[in-house]
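Written out below as C-alpha coordinates is the structure these notes cover.
The values are calculated or read from the model by the stated rules, or taken from the named source; none is laboratory data. For clarity, every value in this text was computed on a predicted model and none was experimentally measured. Here the Cβ positions follow ideal geometry from the backbone for every residue, glycine too, while neighbour counts run over all protein chains shown. Just so you know, the surface numbers come from the protein's heavy atoms only, side chains and all, with ligands and any DNA or RNA stripped out. Shrake-Rupley method; radii C 1.70, N 1.55, O 1.52, S 1.80 Å.
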Amino acid sequence: SCEKEHFRTFDVGGMSFQKTGRQCSDCKSDLRDTLLDWEDALPERDWERAQIECEISDLVICLGTSLRIEPVASLPSRAKQFVIVNLQKTPHDEDASLIIRDYVDIVMYKLMDALGLVDGDSVKSDKKRTSIIDSNSNSLAGSASVDL
(Lines give C-alpha, C1' and ligand atoms only; values in the text may rest on other atoms or scores of the structure.)
Protein backbone atom coordinates (compact mmCIF):
# COMPACT_ATOMS: atom_id res chain seq x y z
CA SER A 1 0.00 0.00 0.00
CA CYS A 2 1.27 3.48 -0.89
CA GLU A 3 -0.40 5.04 2.23
CA LYS A 4 -2.06 7.77 0.16
CA GLU A 5 -5.03 9.33 1.95
CA HIS A 6 -8.32 9.73 0.11
CA PHE A 7 -10.73 12.31 1.49
CA ARG A 8 -14.42 11.93 0.67
CA THR A 9 -17.38 14.29 0.96
CA PHE A 10 -19.68 11.36 1.69
CA ASP A 11 -19.98 8.66 4.32
CA VAL A 12 -17.69 5.81 3.27
CA GLY A 13 -19.54 3.35 5.51
CA GLY A 14 -17.91 1.11 8.05
CA MET A 15 -15.84 1.69 11.12
CA SER A 16 -12.67 0.31 12.70
CA PHE A 17 -10.47 0.18 9.60
CA GLN A 18 -12.87 -1.92 7.51
CA LYS A 19 -12.51 -2.15 3.74
CA THR A 20 -14.69 0.40 1.95
CA GLY A 21 -15.08 -1.52 -1.31
CA ARG A 22 -12.95 1.02 -3.20
CA GLN A 23 -9.33 0.89 -4.32
CA CYS A 24 -6.50 3.43 -4.23
CA SER A 25 -6.25 5.38 -7.47
CA ASP A 26 -2.45 5.07 -7.38
CA CYS A 27 -1.53 1.59 -6.12
CA LYS A 28 -4.94 -0.15 -6.48
CA SER A 29 -4.80 -1.56 -2.92
CA ASP A 30 -8.04 -1.84 -0.93
CA LEU A 31 -9.03 1.34 0.91
CA ARG A 32 -10.07 1.19 4.56
CA ASP A 33 -12.01 3.71 6.62
CA THR A 34 -10.14 5.54 9.36
CA LEU A 35 -13.07 6.13 11.70
CA LEU A 36 -12.16 4.86 15.17
CA ASP A 37 -14.57 2.91 17.31
CA TRP A 38 -14.39 3.30 21.12
CA GLU A 39 -12.21 0.20 21.46
CA ASP A 40 -9.79 1.11 18.65
CA ALA A 41 -6.31 2.31 19.44
CA LEU A 42 -5.14 5.43 17.66
CA PRO A 43 -2.61 4.39 15.00
CA GLU A 44 0.91 4.84 16.38
CA ARG A 45 1.98 7.32 13.69
CA ASP A 46 -1.06 9.52 14.39
CA TRP A 47 -0.61 9.23 18.16
CA GLU A 48 3.04 10.31 17.97
CA ARG A 49 2.20 13.26 15.72
CA ALA A 50 -0.66 14.35 18.01
CA GLN A 51 1.70 14.44 20.99
CA ILE A 52 4.30 16.47 19.10
CA GLU A 53 1.74 18.93 17.71
CA CYS A 54 0.30 19.55 21.19
CA GLU A 55 3.77 20.00 22.71
CA ILE A 56 4.73 22.70 20.18
CA SER A 57 1.36 24.46 20.32
CA ASP A 58 0.87 27.77 22.06
CA LEU A 59 -2.84 27.03 22.39
CA VAL A 60 -5.09 23.99 22.03
CA ILE A 61 -8.84 24.54 21.85
CA CYS A 62 -10.91 21.54 22.99
CA LEU A 63 -14.33 21.72 21.37
CA GLY A 64 -17.31 19.79 22.69
CA THR A 65 -15.49 16.94 24.40
CA SER A 66 -15.82 15.43 27.84
CA LEU A 67 -12.03 14.83 27.90
CA ARG A 68 -12.62 11.46 29.55
CA ILE A 69 -11.08 8.99 27.10
CA GLU A 70 -7.41 8.50 27.91
CA PRO A 71 -4.72 8.84 26.80
CA VAL A 72 -6.10 11.35 24.29
CA ALA A 73 -7.85 13.40 26.98
CA SER A 74 -4.46 14.43 28.41
CA LEU A 75 -3.08 15.70 25.09
CA PRO A 76 -4.25 19.33 25.52
CA SER A 77 -2.26 19.68 28.75
CA ARG A 78 0.93 19.28 26.69
CA ALA A 79 0.34 22.69 25.08
CA LYS A 80 1.43 25.96 26.67
CA GLN A 81 -2.27 26.76 27.24
CA PHE A 82 -5.57 25.13 26.47
CA VAL A 83 -9.17 26.24 26.36
CA ILE A 84 -12.20 24.02 26.91
CA VAL A 85 -15.47 24.79 25.13
CA ASN A 86 -18.02 22.37 26.56
CA LEU A 87 -21.41 22.53 28.23
CA GLN A 88 -20.42 20.24 31.09
CA LYS A 89 -17.49 20.00 33.48
CA THR A 90 -14.52 17.87 32.47
CA PRO A 91 -11.78 16.17 34.51
CA HIS A 92 -9.30 18.70 33.07
CA ASP A 93 -11.14 21.93 33.90
CA GLU A 94 -8.73 22.90 36.69
CA ASP A 95 -5.78 22.76 34.27
CA ALA A 96 -7.41 24.81 31.50
CA SER A 97 -6.45 28.42 30.90
CA LEU A 98 -10.07 29.25 30.05
CA ILE A 99 -13.37 27.38 30.13
CA ILE A 100 -16.33 28.45 28.01
CA ARG A 101 -19.67 26.82 28.87
CA ASP A 102 -21.68 27.08 25.67
CA TYR A 103 -22.56 25.29 22.47
CA VAL A 104 -19.55 24.84 20.19
CA ASP A 105 -21.35 26.14 17.11
CA ILE A 106 -22.25 29.39 18.88
CA VAL A 107 -18.70 29.93 20.17
CA MET A 108 -17.23 29.15 16.75
CA TYR A 109 -19.67 31.52 15.06
CA LYS A 110 -18.61 34.33 17.40
CA LEU A 111 -14.94 33.54 16.84
CA MET A 112 -15.38 33.42 13.06
CA ASP A 113 -17.29 36.69 13.17
CA ALA A 114 -14.56 38.36 15.25
CA LEU A 115 -11.97 37.15 12.73
CA GLY A 116 -14.03 38.55 9.86
CA LEU A 117 -14.84 35.12 8.44
CA VAL A 118 -18.62 35.55 8.46
CA ASP A 119 -20.01 36.90 5.21
CA GLY A 120 -23.54 38.25 5.46
CA ASP A 121 -26.01 35.51 6.37
CA SER A 122 -23.73 32.60 5.48
CA VAL A 123 -23.45 31.68 9.18
CA LYS A 124 -26.17 32.34 11.74
CA SER A 125 -26.22 32.56 15.52
CA ASP A 126 -29.07 32.71 17.99
CA LYS A 127 -27.15 35.25 20.11
CA LYS A 128 -27.16 33.06 23.22
CA ARG A 129 -25.44 34.10 26.37
CA THR A 130 -22.05 32.54 26.94
CA SER A 131 -20.71 31.62 30.36
CA ILE A 132 -16.99 31.98 30.93
CA ILE A 133 -15.44 30.25 33.93
CA ASP A 134 -12.26 31.53 35.56
CA SER A 135 -10.32 28.27 35.84
CA ASN A 136 -8.12 29.64 38.64
CA SER A 137 -11.01 30.28 41.01
CA ASN A 138 -13.52 27.91 39.35
CA SER A 139 -16.10 30.68 39.63
CA LEU A 140 -18.21 32.36 37.02
CA ALA A 141 -16.08 35.09 35.47
CA GLY A 142 -18.95 36.49 33.48
CA SER A 143 -22.14 35.70 31.71
CA ALA A 144 -22.87 37.87 28.76
CA SER A 145 -22.82 38.03 25.01
CA VAL A 146 -19.11 37.59 24.54
CA ASP A 147 -17.13 39.19 21.75
CA LEU A 148 -14.38 36.68 21.12
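At a glance:
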item: Added length on full extension, which subtracts the Cα-Cα distance from 0.36 nm per residue, E44 to M15; result: 8.7 nm
item: Proximal aspartates and glutamates to K89, defined as alpha-carbon separation beneath 20 angstrom and excluding residues fewer than eight positions away on the same chain; result: E70, D102, D105, D134
item: Globularity ratio of the stretch 44-115, using Cα Rg and 2.2 N^0.38 Å; result: 1.12
item: Distribution of pairwise C-alpha distances over the stretch 1-54, 10 Å bins, in %; result: 22, 46, 30, 2
item: About the Cα centre, charge dipole magnitude for the stretch 1-97 (Lys/Arg +1, Asp/Glu -1 at Cβ), debye; result: 300 debye
item: Pairwise label distance in nanometres, S29 with R78, each label 7 Å out on the Cα-Cβ vector; result: 2.5 nm
item: In nm, spacing of pseudo-spin labels at D93 and I69 (7 Å Cα→C-beta vector); result: 2.2 nm
item: Long-range amide H partners of L98 with built H, under 5 Å; result: F82, I84
item: Sequence ranges 60-71, 13-24, ranked by mean other-Cβ count within 10 angstrom, highest first; result: 60-71, 13-24
item: Cα centre as origin, Lys/Arg/Asp/Glu Cβ charges: the stretch 44-115 dipole, Debye; result: 140 debye
item: The stretch 18-61 - accessible surface per residue (Å², probe 1.4 Å); result: 78 Å²
item: Antiparallel bridges, percent of DSSP beta bridges restricted to the stretch 44-115 (to nearest 5); result: 0 percent
item: Projected label distance in nm at M112 and C2, using a 7 Å step from Cα toward the beta-carbon; result: 3.4 nm
